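The values are calculated or read from the model by the stated rules, or taken from the named source; none is laboratory data. The shown structure was predicted, so the numbers you read here are calculated from the model rather than taken from an experiment. Cβ: placed from backbone, ideal geometry, glycine included. Neighbour counts: every protein chain shown.
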Amino acid sequence: MEHNRTLSIIKDRKAEKFFILGGFIVVSVALGFMFLSSQQSRATIPSGGKQVEVGQVSYRLYESSNSINPGSPLANTNTAATLPKVGADFRLRVGLQNKSPYFKKLAEFGSGNEHNCAIMSDDSAYCWGNGQYGVLGTNSTDSSTTPVPVYTQDVLNGKTIKQITTGYYHTCAIASDNKDYCWGYGTYGRLGNGGITQLNAPYPVRETATTVISQIVAGNEHTCSLNSGGKIVPVGVKV
């Protein structure tokens, strides 16, 4: 009888160990799934000789299908689904978001002293390089080794950029309202706003309310624009 009781205790202890181990595995898997599902997926794909970054914005689970199209949805978008049985096949569709300007077609490009700017095919402007004096127009002086969008709030809110030009630590652009805007190093009045203060974001060039600008060029320490009347207007010429 004592022998059987000893075996029973051993079996109970083994069962208890397996139960604890199994519980630990289940909890670990659950926590791992929760951690992974809470992280936004990031990946890069080749495009034009570059690796561009894409990010996951949505997912949806579907029933398995033999055709190119998935079966019926198993749950709503971004919602966990219950499979009909363990080991059942399913389809997963993931929505991706372009997180790189390299996907866009280059429409216009300008190269300055230590920075570059470009307008993409969607009329959005990007700059990169040395951010000193706010030349990138991002409302900061941070430098960037990859294109970053020009700050389009405040004076450029609701507007697009038609033309961009880069000079010596300053940048200027013509927006969709046919007005010119400059930012960066303000010495010698090269920004055209009547002052010499550094500006980290686009700011209007001081002109008459009816002035329509058709072209603009940023030089070394000055800027020139061409208005609709064919008159060249120099700004900030060094004397």
Only listed residue being under 15 Å from CYS117 (Cβ atoms) and of a type in the set (A, V, I, L, M), chosen from ILE213, ILE164, ILE196: ILE164
Considering only residues of segment 184-214 that are touching a Cys at 6+ places or on another chain (Cβ under 8 Å) and either aliphatic (A, V, I, L, M) or surrounded by fewer than 17 Cβ atoms within 10 Å (Cβ to Cβ) (or both), which is nearest to VAL135 (Cα to Cα)? LEU199
Checked segment 39-78 for anything of a type outside the set (D, E, K, R), assigned to a strand (DSSP E or B) and either modelled with pLDDT of 85 or more or within 12 Å of ARG93 (Cα to Cα) (or both); matches are GLN56, VAL57, SER58, TYR59, LEU61, TYR62, PRO73
Those residues of segment 121-164 which are touching a helix residue (DSSP H, G or I) at 6+ places or on another chain (Cβ under 6 Å) and at pLDDT below 90, in sequence order: PRO147
What about LYS179, is it out of contact with any helix residue (DSSP H, G or I) (no Cβ under 6 Å at 6 or more places or on another chain) and either modelled with pLDDT of 90 or more or crowded, with 18+ Cβ neighbours inside 10 Å (or both)? yes
